[in-house]
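Engineer: Dropping a structure here in structure tokens format, bear with me for questions.
The values are calculated or read from the model by the stated rules, or taken from the named source; none is laboratory data. Note that this is a predicted model, so its numbers are computed, not measured. Every residue, glycine as well, gets a Cβ built from its backbone with ideal geometry; the counts of neighbours run over all protein chains shown.
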Amino acid sequence: MLQLMPGLLYVIVITAVFTTLLIGLTAVLLLSQARAIVRKRCLGPIFSTTNTLRMLKVRPSLVTIAGVLISVKDESANRLLTTFKRPAELRLYDEFFYVRPFFSSSAYLIPLEETLEASLVDGALVLTFQHDDHRITLRCKSYRIVKWFNALNRRIEDINSVINNKSNYPVR
């Protein structure tokens, strides 16, 4: 009987360790999937896989591969839609601002006509936009952030002037 005790003790300890690991990893997996489902439900078509495929066909006016996506926050619900900082690729198109986090098949595609404001806060580009009655704030960093800020503001002003000019014409 005494000879079986050390072997039985090893079996119990190994079983407890593997059970703890299995439960912990399952909990982490389920929580991360739930977070992704909530984020996609809130952002809708702004964060999707088709955005990546669609924007690969268009030539951007400004590109930075070495950017960082700091956070995406839903201001109306006061909650973060991202969990941590991620390296990302930033692109500016004529009508869109595109952010694709590395190691992700999906991308954020923000129409500039939905943009409420763009600003620089603590060396980070802060873009606030309206989507499906949600006010969302996206923060990202890059080198030459002032160049990004100026180019983004020019594009937003151009789009707003085009929209305002169209609204001045009478409708027939």
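Engineer: For ALA107, state whether it is of a type in the set (Gly, Ala, Ser), farther than 13 Å from THR137 by Cβ and surrounded by 12 or more Cβ atoms within 10 Å (Cβ to Cβ).
Structural biologist: So ALA107 passes the test.
Engineer: I've got another one for you. Among the residues in segment 84-94, are any more than 25 Å from VAL58 (Cβ to Cβ) and without any contact (Cβ under 8 Å) to a residue 24 or more places away in the chain?
Structural biologist: So far as segment 84-94 goes, yes, one or more of its residues are more than 25 Å from VAL58 (Cβ to Cβ) and without any contact (Cβ under 8 Å) to a residue 24 or more places away in the chain.
Engineer: Can you name the number of the only condition in (1) part of a helix (DSSP H, G or I); (2) under 23 Å from SER48 (Cβ atoms) that ALA77 fails?
Structural biologist: (1)
Engineer: Kindly check whether there is at least one residue in segment 118-140 that is part of a helix (DSSP H, G or I), over 13 Å from the mean Cα position of the chain (by Cα) and crowded, with 19+ Cβ neighbours inside 10 Å.
Structural biologist: There is no residue in segment 118-140 that is part of a helix (DSSP H, G or I), over 13 Å from the mean Cα position of the chain (by Cα) and crowded, with 19+ Cβ neighbours inside 10 Å.
Engineer: Of VAL63, VAL17, VAL13, VAL99, which residue is closer than 23 Å to ILE145 by Cβ, modelled with pLDDT of 85 or more and out of contact with any Pro (no Cβ under 6 Å at 6 or more places or on another chain)?
Structural biologist: On inspection, the qualifying residue turns out to be VAL99.
Engineer: Moving to a separate point now. In segment 72-94, how many are under 12 Å from the mean Cα position of the chain (by Cα) and surrounded by fewer than 17 Cβ atoms within 10 Å (Cβ to Cβ)?
Structural biologist: 5
Engineer: Could you give me the residue pairs with C-beta distances under 9 Å whose first residue belongs to segment 143-163 and is closer than 16 Å to VAL63 by Cβ, whose second residue is in a helix (DSSP H, G or I) wherever it lies, and which are 6+ apart or on separate chains?
Structural biologist: LEU152/LEU112; ARG155/LEU112
Engineer: Related question: Please go through segment 95-117 and give me each residue that is more than 15 Å from the chain's Cα centre (by Cα), touching a residue at least 40 places away in the same chain (Cβ under 8 Å) and not in a strand (DSSP E or B), ordered by number.
Structural biologist: Within segment 95-117, GLU95, LEU112, GLU113 qualify.
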